[in-house]
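Worksheet for the structure shown next.
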Amino acid sequence: MNIDKLAPILATIVGILACIPAAAIAPWALVLVLIGLVHGLMSPVKKHASLAMVIAAAALMPQIADNLDNIPAIGIHLNALIDNISVAIAGYAVSSLIQAIKSRVV
């Protein structure tokens, strides 16, 4: 299993764990950012259009997820899950941006 399959699965599992109120003490946001950073370092985005899509997803997913609060009973939990996953995507976007800038400078 390569990093392109493992990192999203791990980010989803950690995102679900971060939604559990009893486990809220742990620094889940840091773990999610590290998952995204490692994924971006090991498998950076090569195409500019794909990088733009990742950046847009990292920026817009939390805003789109806020609309899920209107769903009765599970909307708040879905919002929290998508917010957590977008933290990992943001780490992936930052790491890919750093790789792209480094490749242009060097």
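Details
- Qualifying positions in the range 9-30 - over 17 Å from Ile76 (Cβ atoms) and surrounded by 17 or more Cβ atoms within 10 Å (Cβ to Cβ): Leu10, Ala11, Val14
- Selection from the range 48-58 of residues that are hydrophobic (A, V, I, L, M, F, W, C) and either touching a strand residue (DSSP E or B) at 6+ places or on another chain (Cβ under 7 Å) or without any contact (Cβ under 8 Å) to a residue 24 or more places away in the chain (or both): Ala49, Ala52, Met53, Ala56
- Check on Ser43, crowded, with 19+ Cβ neighbours inside 10 Å and either modelled with pLDDT of 90 or more or touching a helix residue (DSSP H, G or I) at 6+ places or on another chain (Cβ under 6 Å) (or both): no
- Scanning the range 70-91 for residues that are farther than 17 Å from Gly15 by Cα and assigned to a helix (DSSP H, G or I) yields one hit, Asn70.
Okay, residues lined up against (1) loosely packed, with under 15 Cβ neighbours inside 10 Å; (2) closer than 19 Å to Leu32 by Cβ:
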{"position": "Ala58", "(1), (2)": "no, yes"}
{"position": "Gln63", "(1), (2)": "yes, yes"}
{"position": "Ile89", "(1), (2)": "no, yes"}
{"position": "Tyr92", "(1), (2)": "no, yes"}
{"position": "Val106", "(1), (2)": "yes, no"}
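- Val33 passes every criterion in (1) surrounded by fewer than 17 Cβ atoms within 10 Å (Cβ to Cβ); (2) within 10 Å of the chain's Cα centre (by Cα) apart from (1).
- Test: Val94 is of a type in the set (Val, Ile, Thr) and in a helix (DSSP H, G or I): yes
The values are calculated or read from the model by the stated rules, or taken from the named source; none is laboratory data. This is a predicted model, so every value here is computed, not measured. Every residue, glycine as well, gets a Cβ built from its backbone with ideal geometry; the counts of neighbours run over all protein chains shown.
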